[in-house]
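I have placed the structure first, in the form of structure tokens, so that the comments after it can refer back to it.
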């Protein structure tokens, strides 16, 4: 396994990397990821990228690894900003056409690369992060995004309110 040189790694050739059993480990700036920025409140800093390119035992060329990035999203429980560590587990098969994609074993997602042109590492990382964003991010209850004392007080006051159908229940019992 050989690691790719860090500074020149803006575009990569996944098939060449897979043929050479290469590993890409670097940090990619979140600042240039416009599509990701539209889905989160804040995306600054870097994504830690660790990807291995190679072949599986059946001869399929694959890209496997992990991408970790810090973002800020809106909590669906309290609607306040909250930090989220997005972890994208990458397990894709590199294919050149839809026929190859159909023949991939089920454990791989296809990455369709129809031409031999280099691929933007930033766009590849951005795609994986977007796919790994939580659908409904929420603070853990122990973080108390909702003031539980206020919530409990509201519940108690609702129980004390009179049931509007209590009078009907009384009439029903008389007849």
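Can you tell which of 59, 31, 65, 54 is more than 30 Å from residue 80 (Cα to Cα) and without any contact (Cβ under 8 Å) to a residue 24 or more places away in the chain?
Numbers: 31 fails: more than 30 Å from residue 80 (Cα to Cα); 65 fails: without any contact (Cβ under 8 Å) to a residue 24 or more places away in the chain; 54 fails: without any contact (Cβ under 8 Å) to a residue 24 or more places away in the chain.
Criteria check complete, one pass: 59.
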Which one of these does residue 77 not meet: (1) under 22 Å from the mean Cα position of the chain (by Cα); (2) surrounded by 16 or more Cβ atoms within 10 Å (Cβ to Cβ); (3) at pLDDT 95 or above? (3)
Would you pick out the residues in the stretch 32-64 that are within 16 Å of the chain's Cα centre (by Cα), farther than 13 Å from residue 21 by Cβ and outside any loop (DSSP other than H, G, I, E, B)? 34, 35, 36, 37, 38, 39, 42, 46, 47, 48, 49, 50
As an exercise: evaluate residue 21 against (1) in contact with a strand residue (DSSP E or B) (Cβ under 9 Å, 6 or more places away or on another chain); (2) modelled with pLDDT of 95 or more; (3) on the phi < 0 side of the Ramachandran plot and give the number of the one condition it does not meet. (3)
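The values are calculated or read from the model by the stated rules, or taken from the named source; none is laboratory data. The shown structure was predicted, so the numbers you read here are calculated from the model rather than taken from an experiment. We place every Cβ from the backbone using ideal geometry, glycine too, and count neighbours over all the protein chains shown.
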